[in-house]
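What follows is a short report on a single structure.
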Amino acid sequence: QMQLVESGGGVAHIGGSLRLSCVASVRTFSADNLAWFRQAPGKEREFVAAIKWRGGGLFYMEYADSVKGRFTISRDIDKNTMYLEMNTLKPEDTAVYYCAAGPMFTRLPQYTYWGQGTQVTVSA
């Protein structure tokens, strides 16, 4: 049973940056698919970014249009950790951010394992 723990959330100013981390309790194999989702109050959980192993030391990433060019997803297999670097933050980025892992690479919230979430608040 894999457990995921997010950290790095907090309060940032508009235009600021934050880096989220997600540590897995067991080794995440290169074949595992990892993703970040977020959920704002009163809204459904939405896809932010996902990353999967392509082989040859390369990864494939996808991003939601709303964060493309501002957020960067990455992973360190040796540290069992995934990251989300968030730059040029906007008020609409305010949400609880969740990391997820599972055997299927998808933009839908259908991953097998989920973290408890970390709050990100962007204010003036």
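The values are calculated or read from the model by the stated rules, or taken from the named source; none is laboratory data. Everything numeric here is computed off the predicted structure, so don't read it as measured data. Neighbour counts are summed over all protein chains in view; Cβ atoms, including those assigned to glycine, are modelled from backbone coordinates with ideal geometry. Only protein heavy atoms, including side chains, enter the accessible area calculation; ligands, DNA and RNA are left aside. Shrake-Rupley method; radii C 1.70, N 1.55, O 1.52, S 1.80 Å.
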**Request:** Run down GLU62, GLU85 and say which single residue is within 10 Å of VAL48 (Cα to Cα), open to solvent by 40 Å² or more (accessible area, probe 1.4 Å), modelled with pLDDT of 95 or more and within 13 Å of the chain's Cα centre (by Cα).
**Result:** GLU62
**Asked** Taking region 99-124, which residues are of a type outside the set (Gly, Ala, Ser), touching a Ser or Thr at 6+ places or on another chain (Cβ under 9 Å), open to solvent by less than 70 Å² (accessible area, probe 1.4 Å) and over 14 Å from MET2 (Cβ atoms)?
**Response** THR118, VAL120, THR121, VAL122
**Asked** Residue check: is THR28 at pLDDT 95 or above, more than 17 Å from VAL96 (Cβ to Cβ) and surrounded by 14 or more Cβ atoms within 10 Å (Cβ to Cβ)?
**Response** no
**Asked** For region 96-118, how many residues are in a loop (DSSP other than H, G, I, E, B) and under 16 Å from ALA50 (Cβ atoms)?
**Response** 10
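Okay, residues lined up against (1) over 18 Å from VAL11 (Cα atoms); (2) touching a strand residue (DSSP E or B) at 6+ places or on another chain (Cβ under 6 Å):
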{"residue": "VAL26", "(1), (2)": "yes, no"}
{"residue": "ASP32", "(1), (2)": "yes, yes"}
{"residue": "GLN39", "(1), (2)": "no, yes"}
{"residue": "LYS43", "(1), (2)": "yes, no"}
{"residue": "ARG54", "(1), (2)": "yes, yes"}
{"residue": "GLY57", "(1), (2)": "yes, no"}
{"residue": "MET82", "(1), (2)": "yes, yes"}
{"residue": "GLU92", "(1), (2)": "no, no"}
**Request:** Sort through TRP53, TRP36 and tell me the only one that's open to solvent by 50 Å² or more (accessible area, probe 1.4 Å), part of a strand (DSSP E or B) and not acidic (Asp, Glu).
**Result:** TRP53
**Request:** Mind counting the residues in region 70-95 that are in contact (Cβ under 8 Å) with a residue 60 or more places away in the chain and either part of a strand (DSSP E or B) or hydroxyl-bearing (Ser, Thr, Tyr) (or both)?
**Result:** 7
**Members of region 1-33 that are among the hydrophobic types (A, V, I, L, M, F, W, C) and outside any loop (DSSP other than H, G, I, E, B)** = LEU4, VAL5, VAL11, ALA12, LEU18, LEU20, CYS22, VAL23, ALA24
**Message:** For the list (1) under 18 Å from GLN3 (Cα atoms); (2) open to solvent by 20 Å² or more (accessible area, probe 1.4 Å), I need the number of the one condition that CYS22 fails.
**Reply:** (2)
